[in-house]
């Protein structure tokens, strides 16, 4: 799934990496370091007969080699050729089910201070990996950041029609919704932050639009991503 079809998908299975570089339990520390260096990755799933046994990360390699493992010279790599991966790998790693959402995944990675994790299917079979980079790509796509849009941030009453009234105002001026995000973090009870990204806005009427929005909430900012015009109010 790619492009516009994938943008609507919030599940890990739509964003994970399926063609994964792996090592087996008999691989050596030196070969793992070389693979990470060659492919510019920070985690290698460790398999035994196709079954996930653990993961080895750049952190594991650094601890095992007592130095910056990914920058070792060839002589150092040769010295580590006898060290087996299964002696340093992380066993029973945190795995993420394929049907978790991207925001759930971001929270898991953040809470556990890891850069990625293996992905498992409904039968707990290893089917890929999801990394911070995959999560960033998903969030960029889901918010429509690549569109030549105008973004509005406001604080509004947390009422039934508040967001609809703002949306109606922007649609009246040619706007089409690309994404809407809301949050009540760090606000008094009864208020909500709303972030709308719109295409088709009549930029010649931005002053009028701003005045109308200020009558419906407190503007935080407006950003014209096409012309890189940024107005920060709060």
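A few notes on this one:
- Prolate/oblate/rounded call for region 124-228, Cα gyration tensor, a/c under 1.5 rounded: oblate
- Long-range tail of P(r) for region 109-150 (Cα pairs > 16 Å, %): 53 percent
- Distance distribution note for the chain: the fraction of Cα pairs above 30 angstrom is 45%.
- Rounded to 10°, Cα long-axis angle of helix 132-142 versus longest principal axis of the chain: 20 degrees
- Fully extending the segment from residue 168 to residue 101 would add 21.2 nm, taking 0.36 nm per residue of separation and subtracting the current Cα-Cα distance.
- Helix-only CD estimate at 222 nm, as mean residue ellipticity for the chain, using -39500 (n - 2.57) per DSSP H run (n ≥ 4): -8500 deg cm²/dmol
- Helix 29-39 vs. the chain, principal-axis angle (Cα, 0 to 90°, nearest 10): 30 degrees
- Top of 151, 132, 63 by mean-square fluctuation, Gaussian network on the chain, Cα under 10 Å: 63
- Each Cα pair under 8 Å and six or more residues apart adds its separation to the average, and for the chain the resulting relative contact order is 18 percent.
Each value in this text was obtained by applying a stated rule to the coordinates, not by laboratory testing. All values reported here derive from a predicted model rather than from experimental measurement.
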